[in-house]
Amino acid sequence: MKKPRDLLVLLVTACWLASTAWAQFSFYQIDDFEGAKTERWYRFGNAQMAIGVNPSFEADDVIGESCGFYSLKLKGGTNNWYIGGIGSDLGLDATAYTRLQVDLYGSEAGGKLKIELFDDDNNNNILEQDSAADWQATKDDKYGIEVKVLEKGFTRLSIPFSAFKLENPGKGDGVWNPHQKNGSAGLLKMQIILLADRSNGQAEVNLDNILFTY
């Protein structure tokens, strides 16, 4: 018969294992930039991308505390609203998640972010795009949403997948289905595009803790 102390150790161990498994399953971290690297991301347009040191934060700022030491700085200028952006190839079964979360640190320049998600509808693990039509996805769905970059300070965006709108009807199957089955690669790619508040302007933002969660 096990002693009470042994039973207590077993119980604590079981609880720890259960909580660890839940933490691993409850979110998928795309990048927190604490490795001070940008290798997961490609850049396009006139956006400038670089690792930056996070600004100091106010006491009891939970979001600021969670952002660690490094983040990804995205900035640039434009004569026609659009600046450029970054993207990451995912190849992820995202059916276990319901929202995108990202922490931002804005600036006086303001700006907007256009976030795009692409699911694999023709089951070939490739995002076909038309270079003559603004790189429109031609065989897979593109879902997008536009959000405002607030001024100086840390902000946490938590965006349900249901808030993303289909932007290329008739190209894929028109259904949000980021699953990996029947040969589908699931959620193929994510892009984050920086836009200015004015047609001729600047924008700047730090991105951190980009993840999918419930």
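The values are calculated or read from the model by the stated rules, or taken from the named source; none is laboratory data. Values in this document were obtained by computation on a predicted structure and should not be read as measured data. Glycine gets a Cβ as well: all are built from the backbone with ideal geometry, and neighbour counts include every protein chain shown.
Residues are listed down the side, and each one gets a yes or a no for (1) surrounded by 15 or more Cβ atoms within 10 Å (Cβ to Cβ); (2) hydroxyl-bearing (S, T, Y); (3) out of contact with any Leu (no Cβ under 8 Å at 6 or more places or on another chain); (4) farther than 25 Å from A96 by Cα:
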site	(1), (2), (3), (4)
F118	yes, no, no, no
G172	yes, no, yes, no
A196	yes, no, yes, yes
G201	yes, no, yes, yes
D208	yes, no, no, no
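For A36, are the conditions met, namely being of a type in the set (A, V, I, L, M, F, W, C) and modelled with pLDDT of 95 or more? Step through it out loud before you land on a result.
Values: of a type in the set (A, V, I, L, M, F, W, C): yes; modelled with pLDDT of 95 or more: yes.
Against the criterion (of a type in the set (A, V, I, L, M, F, W, C) and modelled with pLDDT of 95 or more), A36 qualifies.
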Task: Selection status of D61, in contact with a Gly (Cβ under 7 Å, 6 or more places away or on another chain) and either farther than 19 Å from D197 by Cα or in contact (Cβ under 8 Å) with a residue 40 or more places away in the chain (or both) - done: no
Open item on the list: Being crowded, with 17+ Cβ neighbours inside 10 Å and touching a helix residue (DSSP H, G or I) at 6+ places or on another chain (Cβ under 9 Å) is true for just one of A137, A94. Which residue is that?
Closed with: A94
- [ ] Please name all residue pairs, on different chains or six or more residues apart, with Cβ atoms under 7 Å, provided the first residue is in the stretch 92-112 and is touching a residue at least 60 places away in the same chain (Cβ under 8 Å) and under 18 Å from P160 (Cβ atoms) and the second residue is crowded, with 19+ Cβ neighbours inside 10 Å and of a type in the set (D, E, K, R).
- [x] D103/D208
Open item on the list: Which condition from (1) in contact with a Gly (Cβ under 8 Å, 6 or more places away or on another chain); (2) modelled with pLDDT under 95 is the one that K189 breaks?
Closed with: (2)
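Would a scan of the stretch 158-167 turn up a residue that is outside any loop (DSSP other than H, G, I, E, B), of a type in the set (D, E) and either out of contact with any Pro (no Cβ under 9 Å at 6 or more places or on another chain) or modelled with pLDDT of 95 or more (or both)? Before you say what the answer is, go through the steps one by one.
So in the stretch 158-167, the residues outside any loop (DSSP other than H, G, I, E, B) come out as 158-163, 165-166.
This time we only want the ones that are of a type in the set (D, E), so: none.
No, the stretch 158-167 contains no residue that is outside any loop (DSSP other than H, G, I, E, B), of a type in the set (D, E) and either out of contact with any Pro (no Cβ under 9 Å at 6 or more places or on another chain) or modelled with pLDDT of 95 or more (or both).
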TODO: Only residues that are under 25 Å from E34 (Cα atoms), modelled with pLDDT of 95 or more and among the hydroxyl-bearing types (S, T, Y): list them for the stretch 62-97, please.
DONE: Y70, S71, S88, Y97
Open item on the list: Just to be sure I understand the filter: pairs with C-beta atoms under 7 Å, separated by 6 or more residues or on different chains, first member in the stretch 122-134 and assigned to a loop (DSSP other than H, G, I, E, B), second member of a type in the set (S, T, N, Q). Which pairs pass?
Closed with: N123/N182; N123/S184; E128/T138
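Residues checked against (1) more than 18 Å from the chain's Cα centre (by Cα); (2) assigned to a loop (DSSP other than H, G, I, E, B); (3) among the polar types (S, T, N, Q):
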{"site": "Y143", "(1), (2), (3)": "no, no, no"}
{"site": "V175", "(1), (2), (3)": "yes, yes, no"}
{"site": "Q180", "(1), (2), (3)": "yes, yes, yes"}
{"site": "K189", "(1), (2), (3)": "no, no, no"}
{"site": "Q202", "(1), (2), (3)": "yes, no, yes"}
Task: Cβ-Cβ under 6 Å pairs, at least 6 apart or on other chains, the stretch 176-191 side over 18 Å from S88 (Cα atoms) and free of Cβ contacts under 8 Å to residues at least 40 places away in the same chain, far side surrounded by fewer than 18 Cβ atoms within 10 Å (Cβ to Cβ) and of a type in the set (G, A, S) - done: none
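Identify all residues within the stretch 59-101 that are assigned to a loop (DSSP other than H, G, I, E, B) and over 29 Å from G186 (Cβ atoms); write none if there are none. It would help to see each step written out before you state the result.
Quick first cut of the stretch 59-101, residues assigned to a loop (DSSP other than H, G, I, E, B) only: 59-61, 67-69, 79-81, 93-98.
A59, D60, D61, F69, N79, N80, W81 - these are the residues of the stretch 59-101 that are assigned to a loop (DSSP other than H, G, I, E, B) and over 29 Å from G186 (Cβ atoms).
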